[in-house]
Amino acid sequence: MSRLLEGKTALILGVANQWSLAYAIAQAFAREGAGLLLTYQGERQRQTVEGLAAELGARQVLPCDVTEDEELAQLAESLRAGRVDAVVHSIAFANREDLYKPFVETSRAGYALAQEVSAYSLVAVARAVAPVMTEAGSITALSYLGATRVVPNYNVMGVAKAALESAMRYLASELGPRGIRVNCISAGPVKTASARAIRDFSSILDHVAERAPLRRNTEPAEVADAAVFLASDLGRGVTGNVLFVDSGFQVMGF
Ligand code: IMJ
């Protein structure tokens, strides 16, 4: 069978370590024949991401702190020589304390930070990369159920994911006429590094596995294969969509 992303180039933001969903997505994209461009945030992450990029056979590793306009401009400049077919946005951050305090206590600065890194970054990246994107390009962002439902402690991140999903729809509307599709994957809980930091995460995983229609948790490879679909020509009719890859958990009302 022919590979689904043969001849395509993918820019993947958010590979931080081997547990990252972005890492699983990069592996699946490489398996399907895509050329990979990875980004890292800050010098501290550079070596780690370069190591992972070598394992993946990535073509290039580029700096991209999404809070710095200058780095986004440089990213756009570095990409100008080539073309990008697919972008994966797998970036989020909130102050740790904002994931524990009551949501009503969220500070102005903490709210703004979560929005900037986790939601506005999709707009900034889309603007930077759209000029080098091919007709039939795609942008996929990672979201979570906490965007539309109240999940204990998700708090300011839930509001940021709501903004991310809304931004995805506006971008889908504006970039659609140029052939660029924009979607979200809403993944079930996965024990990534940023989830490990969450108190009682194991009980969250157990709760979902007991109730989800498939009676199990989500594997990174399942999220990655959905990302392959969206980035491939098989996804050509899909834009403005939130695709749940969560063992069906979101359909349960009780
Ligand atoms: C995060 C917090 C609370 C509940 C949570 C999560 N559940 C899940 C997550 C149920 C699945 C993981 N998730 C979907 C995220 O988007 C995580 C984002 C995040 C995590 C951290 C931890 C360390 C830190 N800042 C963070 N910012 C964002 O300092």
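What follows is calculated from the coordinates using simple rules that are stated; it is not laboratory data. Just so we're clear, the structure is a prediction, and the values are computed from it rather than from any experiment. Here Cβ is always computed from backbone atoms with ideal geometry, including for glycine, and neighbour counts include all displayed protein chains.
Using Cα-Cα distances under 8 Å and only pairs 6 or more residues apart, what relative contact order does the chain have, in percent? Before the final figure, lay out the partial values.
Working: 504 pairs, mean separation 49.7, N = 254.
Computed over the chain, the figure is 20 percent.
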* **Per residue Cα convex hull volume in Å³ - calculated over the chain** => 127 Å³
* Which value, in debye to the nearest 20, describes the size of the charge dipole of the chain about its Cα centre when Lys and Arg Cβ atoms bear +1, Asp and Glu Cβ atoms bear -1, and nothing else is charged? -> 400 debye
* **C-alpha long axis of helix 201-211 to longest principal axis of the chain, angle in °** => 90 degrees
* Structure fact -> For the chain, longest principal axis from Cα atoms; helix 21-31 axis from its Cα atoms; angle between them, nearest 10 degrees, is 40 degrees
* GNM on the chain, C-alpha springs below 10 Å: top fluctuator among Asp225, Asp98, Asp200? -> Asp200
* For Ala136, enumerate residues with amide H under 5 Å from its amide H, sequence gap 5+ or separate chain, H modeled in the peptide plane. => Ile180
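Dividing the alpha-carbon radius of gyration of segment 1-146 by 2.2 N^0.38 Å (N being the number of residues), what value is obtained? Present the calculation step by step, with values, prior to reporting the outcome.
Numbers: Rg = 15.8 Å, N = 146, 2.2 N^0.38 = 14.6 Å.
For segment 1-146, the normalised Cα radius of gyration is 1.08.
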* Asked: When the distances between all Cα atoms of segment 65-130 are binned every 5 Å from zero, what whole-number percent does each bin get?
  -> 3, 16, 24, 19, 13, 10, 8, 5, 2, 0
* Asked: To the nearest 500 deg cm²/dmol, what mean residue ellipticity at 222 nm is calculated for the chain from DSSP H runs of n ≥ 4 alone, each contributing -39,500 (n - 2.57), summed and divided by the residues?
  -> -12000 deg cm²/dmol
* Which of Ala195, Gly176, Phe244, positive extreme of dipole for segment 152-254 (C-beta unit charges) -> Gly176
* Using the Kirkwood radius built from alpha carbon pairs, what does the Stokes-Einstein equation give as D for segment 5-54 at 4 °C and 1.567 mPa s, in µm² per second? -> 119 µm²/s
* Among Ile185, Ala92, Thr106 - extreme Cα towards positive end, dipole of the chain, charges at beta-carbon -> Ile185
* In debye, nearest 20: dipole of segment 136-207 around its Cα centre with unit charges on the Cβ of K, R (+) and D, E (-)? -> 100 debye
* **Student exercise, segment 1-122 dipole from Lys, Arg, Asp, Glu Cβ charges, in Debye to nearest 20** => 400 debye
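Kindly put Asp85, Asp233 in sequence by how many other C-beta atoms sit within 10 Å of each C-beta, fewest to most. Intermediate results must be reported in sequence, preceding the final value.
Working: Asp85 22, Asp233 11.
Sorted ascending by nearby Cβ count, the order is Asp233, Asp85.
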